[in-house]
Structures are given as C-alpha cells and as structure tokens.
Amino acid sequence: MANVSTNSRYDYLFKVLLCGDSGVGKTSMLYRQVSDKMNDAYTATIGVDFKLTTLEMKGHKIKLQIWDTAGQERFKALTAQYYRRAQGILLVYDITNEQSFENTTNWLRMIQENSTSDLKLMLIGNKIDNEQKRKVTTHQGQQLAKDYGLNFIETSALSSENISEAFTTLTESILIHMQGKYKEMVRSQVSLNKLGLNDSSTKPKQTSLCAC
Ligand code: GTP
C-alpha cells in the first residue's frame with residue numbers, strides 16, 4: 001500500500017481516531033503519517049483536530065480522515081463523542097511510561113461505552129526508539145492485545161518505524177469488515193428475492209460502499 005495524493009478521487013472514506021494518554025505521541029504519529037516529519041515541539045492537543053491522507057489498498061483508493069484527540073483528562077467528555085463516528089481507533093501508550101499502559105484499560109472501557117460494535121481497534125506501543133527507557137515489555141503489550149482481541153504493534157513516530165504499518169493494518173481490517181458487510185447485505189437481498197419477500201419498499205435505493 002502507498003500514500004497517494006490527498007486530492008485524488010477515492011473509493012472509500014474511513015474515519016479513524018487516535019486516542020490515549022497525553023504525551024504518548026498521538027499528534028506525532030499523525031504528523032509522521034501525513035507529512036513524514038517529526039513533531040519535535042510538544043504542544044498538547046486542545047480538543048480534537050484532524051488531517052486527511054489517502055492510501056492505496058487492494059486496488060482501492062482509500063481516504064483516511066484521521067482524528068487526533070487530546071489525551072488530557074479535561075477533554076475526555078468531548079473526545080468520547082467522536083468514538084461513535086469512527087470506523088477505527090488506534091489506542092496509543094508510551095512504552096517508556098507504565099502509567100500510560102495501565103490507563104489503556106480505562107480508555108478501552110470508555111471506547112466500549114461510547115462506540116458502535118462495528119469499530120476496529122488497534123493497540124499501539126509508541127516510542128520504541130527510546131529502548132533504554134522502556135518500562136513496558138513487548139510481551140505485556142501483546143498480552144493485553146490478546147486479552148481484548150486487538151491487533152498490536154510497537155512504533156516510533158521519531159524514527160517512523162512501523163507508523164505506516166499501524167495505519168495500514170487498521171485500514172485493512174476496516175476495509176475487510178466493510179466488504180464483508182456489503183457481501184452479507186447482497187446475500188440477504190438475494191435470499192429475500194428468491195423467497196419473493198422483497199418489494200420495492202425494502203430495496204435499498206442505492207448501495208454505497210463508502211463509510212461516510
Ligand atoms: P496530547 O496532545 O497532550 O494528547 O499528546 P500527544 O499524545 O499528541 O503527544 P505528542 O505527539 O504531542 O508527543 C509528546 C512528546 O513526545 C513530544 O515531545 C514528542 O516529540 C515526543 N514523541 C512523540 N512520539 C515519539 C517517539 O516515537 N519517540 C520519542 N522519543 N519521542 C516521541
């Protein structure tokens with residue numbers, strides 16, 4: 001998969017969200033993915049912000065609307081409102097900050113309470129360039145991801161290691177899920193037709209694969 005121009009036409013629009021404690025590197029991951037640059041100066045995100053990027057995957061152009069949410073406690077009620085509109089979430093902790101890892105279970109609870117069951121979630125351990133200060137082992141991350149049935153990857157926004165892989169993996173799982181739902185919809189439509197149970201009032205006027 002490759003990044004392509006953001007103003008080109010696209011086949012799908014997916015909304016994904018970055019969440020996790022303040023300072024774990026969410027804005028830096030977004031900046032790295034969209035601009036391939038490092039966000040050196042730390043300025044806490046106020047509320048939410050988003051950027052667009054376009055990816056090519058399995059012959060489709062996918063526009064990603066990536067929402068960067070503030071990690072600070074005072075914004076939690078505001079940012080939780082955005083979970084429902086997302087098809088995917090990257091839940092980020094800092095591998096050099098144990099508290100940020102422990103807090104992921106609180107984030108997961110808040111996500112579960114404020115999102116739809118269609119959501120695809122991925123756990124991210126960021127800052128792996130800072131190995132000498134590591135406090136959370138890869139195994140701990142893997143275990144937590146396994147317990148909650150999430151994909152997991154460790155990244156560095158500083159060195160760019162695994163950043164595009166994180167966005168690619170999440171996007172791919174959303175795409176597979178959307179395509180599966182579409183096939184299921186077509187199958188049930190065919191079954192209704194065969195049974196003669198379908199009439200014009202139950203037929204969808206237009207079928208769209210866009211997760212807008
Ligand atoms: P909030 O906006 O407060 O929620 O923080 P955030 O999660 O968006 O963190 P941000 O991206 O602003 O990064 C916080 C600090 O960590 C900054 O000083 C970044 O330069 C630094 N940082 C981010 N990612 C990495 C990384 O992969 N490695 C290292 N060494 N530092 C990083």
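The values are calculated or read from the model by the stated rules, or taken from the named source; none is laboratory data. The model shown is predicted, which means the values in this text are computed figures rather than measured ones. Neighbour counts run over all protein chains shown; Cβ positions are idealised from the backbone, glycine included. Quick note on the areas: whole protein, heavy atoms, side chains included, nothing else; ligands and nucleic acids left out. Shrake-Rupley method; radii C 1.70, N 1.55, O 1.52, S 1.80 Å.
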Candidate residues Lys135, Lys26, Lys61, Lys181: accessible-area rank, largest first, probe 1.4 Å: Lys135, Lys181, Lys61, Lys26
- prompt: Could you give the accessible area per residue of the range 3-176, probe 1.4 Å, as a whole number in Å²?
  reply: 47
message: If I take all pairs of Cα atoms in the range 1-150, what percentage of them are more than 19 Å from each other?
response: 54
statement: Whole-Hz Karplus couplings 3J(HN,Hα) for the range 36-52, θ = phi - 60° and coefficients 6.51, -1.76, 1.60, Gly and Pro as x, run 6, 10, 9, 8, 6, 7, 7, 10, 4, 5, 9, x, 9, 8, 9, 9, 10
- prompt: What nm distance separates the two modelled labels at Asp36 and Lys76, each placed 7 Å from Cα along Cα→Cβ?
  reply: 3.9
- request: Could you point to the residue in Ile111, Asn126, Gly59 farthest towards the positive end of the chain's charge dipole, with +1 and -1 charges on the Cβ of Lys/Arg and Asp/Glu respectively?
  value: Gly59
- prompt: Among Gly20, Gly196, Gly71, whose mean-square fluctuation peaks in a Gaussian network model of the chain (Cα, cutoff 10 Å)?
  reply: Gly196
- request: Using a 1.4 Å probe and counting only protein heavy atoms, arrange Trp107, Trp67 so the residue with the most accessible area comes first.
  value: Trp67, Trp107
- line: In order over the range 124-140: 3J(HN,Hα) from phi, Karplus 6.51/-1.76/1.60, θ = phi - 60°, whole Hz, x for each Gly or Pro, gives 10, x, 9, 6, 6, 5, 9, 4, 5, 9, 4, 10, 10, 6, 4, 4, 4
- prompt: What residue among Arg134, Arg85, Arg109 shows peak mean-square fluctuation when the chain is described by a Gaussian network model with Cα springs under 10 Å?
  reply: Arg109
message: Which residue fluctuates most in the GNM of the chain (Cα springs below 10 Å): Asp68, Asp40, Asp94?
response: Asp40
task: Could you run the Karplus curve 6.51 cos²θ - 1.76 cosθ + 1.60 with θ = phi - 60° over the range 60-71 and give me ³J(HN,Hα) per residue in whole Hz, x for Gly and Pro?
output: 10, 8, 10, 8, 9, 9, 9, 9, 9, 9, 5, x
task: Report the calculated FRET efficiency for Glu184 and Phe50 (r = Cβ-Cβ distance, R0 = 41 Å), to the nearest 0.05.
output: 0.85
field: Rel. contact order, % - alpha carbon contacts under 8 angstrom, at least six apart, the range 3-176
entry: 24
- prompt: How many Å³ per residue does the convex hull of the Cα positions in the range 102-202 occupy?
  reply: 134
message: Rounded to the nearest 20 debye, what is the charge dipole size of the chain about its Cα centre when +1 sits on each Lys and Arg Cβ and -1 on each Asp and Glu Cβ?
response: 880
message: For the chain, give me the percentage of DSSP beta bridges that are antiparallel, rounded to the nearest 5 percent.
response: 35
- prompt: Which links in Lys15/Lys61; Lys61/Lys181; Lys51/Lys133; Lys26/Lys58 stretch past 25 Å when you go from one Cα to the other?
  reply: Lys51/Lys133; Lys26/Lys58
